[in-house]
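First the structure, in the form of structure tokens, and then the observations on it.
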Amino acid sequence: MASMRDIKRRKESIQSTGQITKAMKLVATVKLQKAKARAEESQPYFNAMYATVKSMLKKSGNIDHPYLNGVGEGKKGIIVITSNRGLAGGYNSNVMKLVTESGMSKDDVVIYAVGRKGRDGLARRGYSIAKDYSEAMNEPLFSDASEIGKQVLSDFAEGKISEIYLAYTVFKNTVSHIPTFIRLLPVAFEETGAEEEKAEDALTLMNYEPEAEEALELIIPKYINSLIYGGLVQALASENGARMQAMDSATGNAEEMIADLGLKYNRARQSSITQELTEIIAGANAIG
């Protein structure tokens, strides 16, 4: 059995750790409230943007444009949004799994990293990091999303990448965060049934003014930037939610360990007192 001194030191150490995790939970809770409000306010717009642009392009007919048909064979560019800091449970590892378990060869993938944890984790696994935008996660702005979007679209147009994906975490509520992997370009359309396909064929094709190609040059970058920004604010809220949960769990574990060490300390103290009494009684009997 450990000595009373060792148990006391261990208990004091865990109490200090528990105070830190409790403070970190409070900080994450405050940050979560702000990030949650931004995510919930922006989510309807970005959902509508995603659905509207896909619907519009689906009704555009056979337009020969790289944004719709791609630019041939090339590497796949993945925008990976994680956090700059750890202590958030499985938040970062869940996003990285989207990439590592996507079925894509690491030799055919380039990473546009937003968040140091994802950047470092994927680099250790042998993935190529094309650009690092980790500073954007400190306080995501639409200008950050525009910068990322401009870079990936430039690489797409130059043929450095043939597809663009986004890996991030959707904020559902405080305790539920969903790792999500979507293709941004070329725009993917879900397969439809025979009846749905017949109904779509009856729809009037989209008319563009000016020409379709010129309109797409304006629409698609805004679409990409909007989805990236939506991913940033969703990820920030998810990160703080995950960290709040992790710190709450850590604080609870610390309290359980402190209670357990308290019992062990009392047992050791009782054992020490019993031993001292036995020695005193034995000494008294010897004198008598």
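On the basis of being acidic (Asp, Glu), over 16 Å from the mean Cα position of the chain (by Cα) and surrounded by 13 or more Cβ atoms within 10 Å (Cβ to Cβ), does residue 108 make the cut? Yes. In this entry, residue 110 is excluded by the filter for residues that are out of contact with any Ser or Thr (no Cβ under 9 Å at 6 or more places or on another chain) and either assigned to a strand (DSSP E or B) or closer than 23 Å to residue 159 by Cβ (or both).
Put simply, of 136, 113, 88 the only residue that is modelled with pLDDT under 95 and within 13 Å of residue 168 (Cβ to Cβ) is 136. The single condition among (1) of a type in the set (Ser, Thr, Tyr); (2) surrounded by 15 or more Cβ atoms within 10 Å (Cβ to Cβ); (3) modelled with pLDDT of 85 or more that residue 174 does not satisfy is (3). Filtering segment 53-72 for residues that are free of Cβ contacts under 8 Å to residues at least 40 places away in the same chain, farther than 27 Å from residue 111 by Cβ, of a type outside the set (Asp, Glu) and assigned to a helix (DSSP H, G or I) leaves a non-empty set. Every listed requirement among (1) outside any helix (DSSP H, G or I); (2) small (Gly, Ala, Ser); (3) modelled with pLDDT of 80 or more is met by residue 188 save one, (3).
Only residues that are modelled with pLDDT of 85 or more and either within 16 Å of residue 215 (Cα to Cα) or among the hydrophobic types (A, V, I, L, M, F, W, C) (or both) were counted in segment 26-47, giving 8. For segment 111-140, the set of residues classified as surrounded by fewer than 14 Cβ atoms within 10 Å (Cβ to Cβ) and not charged (D, E, K, R) consists of 126, 128, 138, listed by residue number.
The values are calculated or read from the model by the stated rules, or taken from the named source; none is laboratory data. None of these values were measured; they are calculated from a predicted model. Quick reminder, even Gly has a Cβ in these numbers, built from the backbone with ideal geometry, and neighbours come from all protein chains shown.
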